[in-house]
């Protein structure tokens with residue numbers, strides 16, 4: 001089975017859950033107590 005590598009850009013309005021969505025996908029978990037407003041850019045691998 002082959003693997004796919006891609007770069008994804010998530011854009012959207014303030015407060016809609018972009019960081020929460022990416023954290024759930026990348027880390028497999030979501031903790032609402034850890035999330036604060038992201039200022040600027042955030043990079044996850």
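The values are calculated or read from the model by the stated rules, or taken from the named source; none is laboratory data. Because the structure is a prediction, the values reported are computed rather than measured. Reconstructed Cβ throughout: ideal geometry from the backbone, glycine too, with neighbour counts over all protein chains shown.
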Worksheet item: Which of (1) free of Cβ contacts under 8 Å to residues at least 12 places away in the same chain; (2) surrounded by fewer than 11 Cβ atoms within 10 Å (Cβ to Cβ) is the odd one out, the single condition residue 30 does not satisfy?
Response: (2)
Worksheet item: What is the number of the single condition among (1) modelled with pLDDT of 75 or more; (2) touching a helix residue (DSSP H, G or I) at 6+ places or on another chain (Cβ under 7 Å) that residue 42 does not meet?
Response: (1)
Worksheet item: Taking segment 1-28 as the region of interest, how many residues are assigned to a helix (DSSP H, G or I), within 17 Å of residue 40 (Cβ to Cβ) and more than 8 Å from the chain's Cα centre (by Cα)?
Response: 0
